[in-house]
């Protein structure tokens, strides 16, 4: 799809993306790059990172990649330093690295729970913490009048509750809290905007393939107000909005991009049945003798 944004809205910017080599992370990498940013991606699988860098360069995007684990502070420091050495500065940090799998709570080991918390929550904080000196107002290579931008990829799982994903729900709730707290502190002290994006089910991602077989995905479409699953492009456009001057007064917000799914529940009655019931109730109310409380109808 054609982007609604000008192709140069991120010209001269440098973005580092964890989990930027595949899925939603790669699409964000590509769209930030297509709109003028130089791209650094970080991931645990070297072959995935190398392939993503090659694909980005084929699109005439300045791109570099580094093998690294967000759970390891030394890796975070190394990747950030390498990005600065290559591009001279850092303007945008996107935390897209994540882990997920379906498991009943009673079958989830404390170690399994901790692993997802470490990747999603601790990893997000670690990257933010180590990137601060580069992102803050007046940091190395920065314009002294402005700070950088952080975008944390979250989810909607914890807004209510989600079957068999207690570990991810807890991790993403922590990510949202990190987003708000850093937006408050670092927005005030360093002019850094910190926001999040909470995707719904997105077609063509490992999350949908692993967590929702095709028959479930097809059924889920019936309950999405827009009657379709999202695309990776949708999440990338939200990231572009938050990373550009279009979102210059947005701070501490997690933008839900799920077609309204988290607000939804299956219809128990058809619209016609509800209309008929409503008309019946209105008629009873209109015809009730004066003086009888409506609570008695």
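Just wondering, is there one or more residues in segment 90-99 that are in the same structural domain as residue 238 (by TED's automatic domain parsing), farther than 30 Å from residue 163 by Cβ and not in a loop (DSSP other than H, G, I, E, B)?
Kept after step one, since they are in the same structural domain as residue 238 (by TED's automatic domain parsing), are these residues of segment 90-99: 90-99.
Checking which are farther than 30 Å from residue 163 by Cβ leaves us with 90-93.
Then keep just the ones that are not in a loop (DSSP other than H, G, I, E, B); that gives 92-93.
Within segment 90-99, one or more residues are in the same structural domain as residue 238 (by TED's automatic domain parsing), farther than 30 Å from residue 163 by Cβ and not in a loop (DSSP other than H, G, I, E, B).
Can you pull out every residue in segment 172-191 that is free of Cβ contacts under 8 Å to residues at least 12 places away in the same chain and within 16 Å of the chain's Cα centre (by Cα)?
As a first pass, look at segment 172-191 and keep what is free of Cβ contacts under 8 Å to residues at least 12 places away in the same chain: 177, 181, 185, 188.
The one that is free of Cβ contacts under 8 Å to residues at least 12 places away in the same chain and within 16 Å of the chain's Cα centre (by Cα): 177.
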*Answer from 79, 49, 70 - the residue that is crowded, with 23+ Cβ neighbours inside 10 Å and out of contact with any helix residue (DSSP H, G or I) (no Cβ under 8 Å at 6 or more places or on another chain)*: 79
*Failed item, numbered, when residue 25 is tested on (1) in contact with a helix residue (DSSP H, G or I) (Cβ under 9 Å, 6 or more places away or on another chain); (2) over 17 Å from residue 236 (Cα atoms)*: (2)
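Select from segment 82-113 the residues that are closer than 23 Å to residue 197 by Cα and surrounded by fewer than 23 Cβ atoms within 10 Å (Cβ to Cβ) and list them in ascending order. Spell out how you get there, then give the answer.
First, pick out the residues of segment 82-113 that are closer than 23 Å to residue 197 by Cα: 90-102, 113.
Across segment 82-113, the qualifying residues are 99, 100, 101, 102, 113.
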*In segment 207-244, what residues are at pLDDT 95 or above, out of contact with any helix residue (DSSP H, G or I) (no Cβ under 8 Å at 6 or more places or on another chain) and assigned to a helix (DSSP H, G or I)?*
234, 238, 242
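The values are calculated or read from the model by the stated rules, or taken from the named source; none is laboratory data. Predicted model, so just to flag it, every value in this text is computed and none were measured. Please note: Cβ atoms are built from the backbone with ideal geometry, for glycine as well, and neighbour counts cover all protein chains shown.
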